[in-house]
Amino acid sequence: MNQLLVIIFRPSKQFRARQKKENAGDPRQQHERFPCETCGVIFLSRECYDRHMRHKHAEKQQLKFRCSQCSYSSNKRKDVARHERTHTGERPFVCQLCQKGFTLKGMHARERPHECEVCGQRFTRASHLARHRRLVHTRDGPSFACPQCGKGFTRKDNLDRHLLTHTGERPHACARCGARFILAGNLKTHVMVVHHRQYPCRCPHCGIGQRSVRDLREHLRARHRGEGEGTAGESEE
């Protein structure tokens, strides 16, 4: 089963102390998160996010349009405009049915002009219909398709979890800090890494713990190239 793994990096102790002093009395700053839209990693400070963008996604600096608030960039102006709403909190598209505001046009609307000729399912965009055909109506393909984007799943519970990414609902809350997550697995990772300081993925060569399988693989490539692949999925119980 494929699950999204959210990794949260903490800023330095000195920066956290300075940030706490600067944001004293401002509840909006207590649990602010800075997600990387390129690889999905989430940071607890703008400082860590900007450093990550400079070192991990340097090639993005050459893209045509850049965010005025951070290091995010894209070749599409509309992508940058949509991203900048994560800074401003602006939700300019209001649903005429429920009056709820959204950052994306077309979300939560009933208009689905693109119909699949095989199963009759309808989509808001032609690209979503094309994706649906490719993933759902191929031999042994997924049986459940997302009505928003056309992504296919072999199990309905996976589709139900995926639908939360469109609604913005985050049902899983951390009892210690109040941070909320779409998936229970993301909450578990958050508690383990942020609150318990546990690093579950152990290097088979040197024993150093990593936050995720992805971090472990990067560690193996950087520190143990030529020593064998090892087991990139070993975890502490």
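Numbers below:
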{"quantity": "Along each principal axis, Cα extent of region 125-196, largest first, Å", "calculated": "45, 24, 16"}
{"quantity": "Loop-located GluC sites (Glu not before Pro) in region 131-230, at most 12 other Cβ atoms within 10 Å (DSSP)", "calculated": "GLU169, GLU227, GLU229"}
{"quantity": "Added length on full extension, which subtracts the Cα-Cα distance from 0.36 nm per residue, CYS177 to ARG122", "calculated": "15.8 nm"}
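Just so you know, all these numbers are worked out from the coordinates, no wet-lab data involved. Since the structure is predicted, the reported quantities are computational estimates derived from the model, not experimental observations. Because the Cβ atoms are built from the backbone with ideal geometry, glycine has one as well, and the counts that use them run over all protein chains shown.
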